[in-house]
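*Asks:* I am attaching a structure below and will ask some questions about it afterwards.
The values are calculated or read from the model by the stated rules, or taken from the named source; none is laboratory data. Please read all numbers here as calculations on a predicted model, not as lab measurements. With ideal geometry, Cβ positions are generated from the backbone for all residues, glycine too; neighbour counts draw on all protein chains shown. Quick note on the areas: whole protein, heavy atoms, side chains included, nothing else; ligands and nucleic acids left out. Shrake-Rupley method; radii C 1.70, N 1.55, O 1.52, S 1.80 Å.
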Amino acid sequence: MMNILSLSTIDKKAVNDFFTKHWGCPQMVISSGVFDCDQLPGFCVMKGQEIIGLITYCVTDGECEIISLDSVVEGKGIGSKLMVKVEEKAKAEGCSSIKLVTTNDNVYALSFYQKRGYRLARIIPHAVEKARKLKPTIPYVAENGIPIIDEIILVKGI
């Protein structure tokens, strides 16, 4: 049984530490804005005192956007369950769809999201180059060797 907790019940330092470990810092720079992920609403899965999965989102003007999704342990349903939790929350808040952003190099994420009903909605050419001006630590090339250049927006009706 997987216990999903609201980030509002988790120590902010633990959330900040999670983002620092996995992203270099809690700040996310994407085409829709600059977000301090450790300050956003979201959910997590814990194993003991350790966060092993975490999702953040925001709702603005009736639109939900997933800002981050991380699972330390892949293939165990953690990411899927966190996505469902946000989808339920968004629906309860009156949203009719959810969007998210990933980058052109992230072929695993593209597959993951599409299998869960998200559809490619838009490509933003050179968006990552613009984001690097605000967050220079964004790498130029992913671990899979693909240059990180464009953003891809995916959308799912709920």
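*Asks:* Could you work out how far the C-alpha centroid of the stretch 1-16 sits from that of the stretch 34-72, in angstrom?
*Replies:* Going from one Cα centre to the other spans 9 Å.
*Asks:* OK, next. Could you give the C-alpha radius of gyration of the stretch 42-117 expressed as a fraction of 2.2 N^0.38 Å, taking N as the number of residues it contains?
*Replies:* Values: Rg = 12.5 Å, N = 76, 2.2 N^0.38 = 11.4 Å.
Taking N as the residue count of the stretch 42-117, the ratio is 1.10.
*Asks:* Same structure again: Under 5 Å between amide H atoms, partner at least 5 residues away or on a different chain: which partners does Ile148 have, H built in plane at 1.01 Å?
*Replies:* Val141, Ala142
*Asks:* Taking all protein chains in place and a 1.4 Å probe, what share, in percent, of the accessible surface of the stretch 1-105 do carbon and sulfur account for?
*Replies:* Working: 2570 of 5240 Å².
About 49 percent, which is the carbon plus sulfur part of the accessible surface.
*Asks:* To one decimal place, what orientation-averaged projected area in nm² is obtained for the convex hull of the Cα set of the stretch 86-158?
*Replies:* Values: hull surface 22.0 nm².
About 5.5 nm², averaged over all directions.
*Asks:* For the stretch 142-158, take each phi angle, set θ = phi - 60°, evaluate the Karplus expression 6.51 cos²θ - 1.76 cosθ + 1.60, and give the result in whole Hz per residue in order, putting x for glycine and proline.
*Replies:* Each residue of the stretch 142-158 in turn: 6, 4, 8, x, 7, x, 8, 10, 10, 9, 10, 9, 10, 9, 9, x, 10 Hz.
*Asks:* Return, in residue-number order, each cysteine of the chain whose C-beta is not under 4.7 Å from any other cysteine's C-beta.
*Replies:* Here Cys25, Cys37, Cys44, Cys58 come out as lacking a disulfide-compatible partner, given the Cβ-Cβ threshold of under 4.7 Å.
*Asks:* So how many Lys-Lys pairs in the stretch 74-155 land under 14 Å Cα to Cα, not counting same-chain pairs under 8 apart?
*Replies:* Details: Lys81/Lys89; Lys81/Lys115; Lys89/Lys99; Lys91/Lys99.
Going through the stretch 74-155 pair by pair, I get 4.
*Asks:* Also: Skipping prolines and chain starts, which residues have an amide H placed within reach, meaning under 5 Å, of the one on Gln27, given they are 5 or more residues away or on another chain?
*Replies:* Residues meeting the criterion, in which the H sits 1.01 Å from N, are Cys37.
*Asks:* For the chain, set up a GNM with springs between Cα atoms under 10 Å and report which of Ser111, Ser31, Ser97 has the largest fluctuation.
*Replies:* Of Ser111, Ser31, Ser97, the most mobile in the Gaussian network model is Ser111.
*Asks:* Rg and Dmax of the stretch 9-80, using alpha carbons, in Å: what are they?
*Replies:* Computed over the Cα atoms of the stretch 9-80, radius of gyration and Dmax are 12.1, 37 Å.
*Asks:* Leaving out ligands and nucleic acids, note down the accessible area per residue over the stretch 1-100 with a 1.4 angstrom probe, in whole Å².
*Replies:* Details: 5110 Å² over 100 residues.
Ligands and nucleic acids excluded, the figure is 51 Å² per residue.
*Asks:* Excluding Gly157 itself, what net charge comes from residues whose Cβ is under 11 Å from its Cβ, given Lys and Arg +1 and Asp and Glu -1?
*Replies:* On the way: positive: Lys91, Lys99, Arg119, Lys156; negative: Glu87.
Here the charged neighbours net out to +3.
*Asks:* Using every alpha carbon pair in the stretch 1-128, what percent of pairs falls into each 5 Å bin from 0 up to the bin containing the largest distance?
*Replies:* It works out to 2, 10, 21, 24, 23, 14, 5, 1, 0, in whole percents.
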